[in-house]
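Have a look at the structure below before the remarks.
The values are calculated or read from the model by the stated rules, or taken from the named source; none is laboratory data. Predicted, not measured: the structure shown is a model, and the values here were computed from it. Backbone-built Cβ (ideal geometry, glycine too); neighbour counts: all protein chains shown. Keep in mind that these areas ignore ligands, DNA and RNA; they rest on the heavy atoms of the full protein, side chains included. Shrake-Rupley method; radii C 1.70, N 1.55, O 1.52, S 1.80 Å.
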Amino acid sequence: VSVQDAARLTLPGITQWARTNSGDISLTVQDAGSVLDLPNLTRATPQPYYEFELEVYSGGELKLPLLSAIDGALNVFADGNGSTVRLPALAGALVNTAPNMAHIETRNGAKVLIPAVTDLQKVNLRIRGASEIPTTQIRSFKDADLLISDTTGNFPALVNIDGSSLTVENGGQLTLNG
């Protein structure tokens, strides 16, 4: 599903989204004023080795207010000032159950809002430039890569980084108080 050029698409009848054959489940929003809203989607299930792919560019907005379960890999990418992915119902541990890695990345003033996620496992996290991913509530980050580039990362609750690698580059700063 793709929304662009200041278009708006709301799909209230979709509560679950599963892919029964090969390929990603892909939602893309591009351009300022463009909005894709799935107000009742609660679960997404991509096939093994594929992803639930959420991409937002150039000021678009993707709203998934009730999405609370992803059975497989999640790939979230937001790029550009004002680009926003809203995932407020993802809570507690976000564990990638797929054999491939999951990713959450923001760049250039974009936001991926996961304020209730406290633990990440097999989910790479990349925060670049003046972008935002809430991180102060994250307690564990396991079996994944964390990249902080040209921004300041703040993880005051983080106490477990088992199996993970941390990279800080391009003038970035990272604070781990735990």
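Some observations on this one:
- Among 120-128, 5-13, sorting by the average number of other beta carbon atoms lying within 10 angstrom of each residue, highest first, gives 120-128, 5-13.
- Partner aspartates and glutamates for K111 [C-alpha distance under 18 Å; skip if fewer than 8 residues away on the same chain]: D31, D37, E53, E55, E61, D79, E132, D150
- Normalised per residue, the accessible area of the chain is 44 Å², obtained with a 1.4 Å probe and no contribution from ligands, DNA or RNA.
- With 0.36 nm allotted per residue and the present C-alpha distance subtracted, the S22-A6 stretch has 2.7 nm of extension available.
- Simple label model, 7 Å out from Cα along Cβ direction - T42 to D162, nm: 3.1
- In Hz, Karplus ³J(HN,Hα) per residue of the range 9-17 (6.51, -1.76, 1.60; θ = phi - 60°; x = Gly, Pro): 9, 10, 10, x, x, 8, 10, 9, 9
- Shape of the range 25-130, Cα gyration tensor, a/c cut at 1.5: prolate
- Here the Karplus curve 6.51 cos²θ - 1.76 cosθ + 1.60, taken at θ = phi - 60°, turns the phi angles of the range 81-90 into couplings of 3, x, 5, 9, 10, 9, 10, x, 8, 5 Hz, with x standing for Gly and Pro.
- The accessible surface of the range 79-175, taken with every protein chain in place and a 1.4 Å probe, is 45 percent carbon and sulfur.
- Prolate/oblate/rounded call for the chain, Cα gyration tensor, a/c under 1.5 rounded: oblate
- Interchain or long-range residues, amide H under 5 Å from N124's placed H: A102, H103, I104, D145
- Cα gyration tensor shape of the range 1-63, rounded if a/c is under 1.5, else prolate or oblate by comparing a/b with b/c: oblate
- Cβ-defined net charge surrounding L67, 10 Å radius [Lys, Arg +1; Asp, Glu -1]: +3
- Taking label positions 7 Å along the Cα-Cβ direction at both A130 and I14, the computed distance is 3.3 nm, reported to one decimal.
- Between the C-alpha center of the range 158-178 and that of the range 43-93 there is a gap of 23 Å.
- Other residues whose C-beta falls under 14 angstrom from the C-beta of G163 contribute a net charge of -2, scoring Lys and Arg +1 and Asp and Glu -1.
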